[in-house]
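All of the numbers you see were taken from the coordinates with simple rules; none came from a lab. Predicted, not measured: the structure shown is a model, and the values here were computed from it. Cβ atoms come from the backbone with ideal geometry, glycine included; neighbour counts cover every protein chain shown.
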């Protein structure tokens, strides 16, 4: 950067008499804002009056052998210096900032201060104790190094302020930058941490949404439709048609289930009735094959027990025999054995259920 001397140019000697001497405007470079002309006349440096319209016939312009353009505005200038760390492989970078402004353009032009950063860098390198602020620290301890460097630079600039003739200089601040490898490492850690937090936030949000949706679904389709209508994702006529269709399907399903249950019950009752009829017919066939006296009341009770009905309740028969045998007189008489003695009437009774299928 060219500051404070922006440019320098050698001027040709103007020949001729005094009243005919005149320098062309193109021989002198254009003056940018905030800068002034400093002409070298003989061994002296003279500043062209600031604010005055440039006059090519001015004596200083005519007699000048060179011209310097000096920037007089205040600028912030930064210079750097490397500082060691506890490791030989890593170093810190100190960037010191100074405010600079030209106070005497002629002195600056005479000294030819084209880049004020050079004397400021020399000033920063002149502090031999500055490396001690970082030599005992690792690169990861950059915050501690920053504090040490800031204290050291404040004290150093107060005791030995920066000086450049023709300028006012003032120390502003010192910033310690990490090495590139540490910067890349910290950026990588930062990105991983941020991505992890973002992923966790997305998982938590999805879990919360899933829980809300599960609660909504557990309340039934009506609540789901109401939620969709509230969010304007479902039309009211569409939801009403679906509800009506669902109600019809549910009614048809219930009617079919009831019809199937009724048909099953009727089939089961028919099968049980048929089984009871078959048992009664089988029993009557076995009874007709015996000539002995039969106790019909006991037979009726056994039949009712086999068919799952309680005897004497709802049968409608009471103590009346179910069947009147063909040989009733013989059945009414008292049986006798071969000796002529009367046999026990209980010998012809059905003693248990196995006798029915003898």
Next on the checklist: Applying a 10 Å radius around every beta-carbon, put 111-117, 100-106, 7-13 in order of their mean neighbour count, most first.
Outcome noted: 100-106, 111-117, 7-13
Checklist entry - What is the gain in length, in nm to one decimal, between residue 158 and residue 9 on full extension, counting 0.36 nm per residue of separation less the C-alpha to C-alpha distance? => result 49.8 nm
Checklist entry - Just for the Cα atoms in the range 59-202, what are the lengths along the principal axes, largest first, rounded to whole Å? => result 78, 39, 24
Checklist outcome for this item: By the mean-Cβ-within-10 Å protection proxy, highest first, 269-279, 252-262 rank as 269-279, 252-262
Next on the checklist: On a full-extension model of 0.36 nm per residue, what is the gain between residue 202 and residue 226, subtracting their alpha-carbon distance, rounded to one decimal in nm?
Outcome noted: 6.0 nm
Item to check | Mean separation of Cα contacts under 8 Å, 6 or more apart, over the residue count of the range 5-71: relative contact order % | outcome: 50
Checklist outcome for this item: With Rg from the Cα atoms and Rh as the Kirkwood inverse mean 1/r over Cα pairs, the range 19-141 has an Rg/Rh of 1.23
Checklist outcome for this item: Rounded to one decimal in nm, the spacing of the 7 Å Cα→Cβ label points at residue 97 and residue 215 is 5.2
Next on the checklist: Once R0 is set to 35 Å, what does the formula 1/(1 + (r/R0)^6) return for the Cβ-Cβ distance between residue 190 and residue 118, expressed as a FRET efficiency to the nearest 0.05?
Outcome noted: 0.40
Checklist entry - Mind ordering 206-214, 157-165 by average Cβ neighbours within 10 Å, highest first? => result 157-165, 206-214
Item to check | Virtual paramagnetic centre 7 Å along Cα→Cβ of residue 86, amide N under 19 Å, in the range 125-164 | outcome: 131-149
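How large is Rg/Rh for the range 225-265, to two decimals, with Cα atoms and a Kirkwood Rh?
With Rg and the Kirkwood Rh in hand, the quotient comes to 1.32.
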Checklist entry - Using every alpha carbon pair in the range 5-71, what percent of pairs falls into each 10 Å bin from 0 up to the bin containing the largest distance? => result 22, 57, 19, 2
Checklist entry - Per residue and in cubic angstrom, what volume does the convex hull of the Cα atoms of the range 187-240 have? => result 74
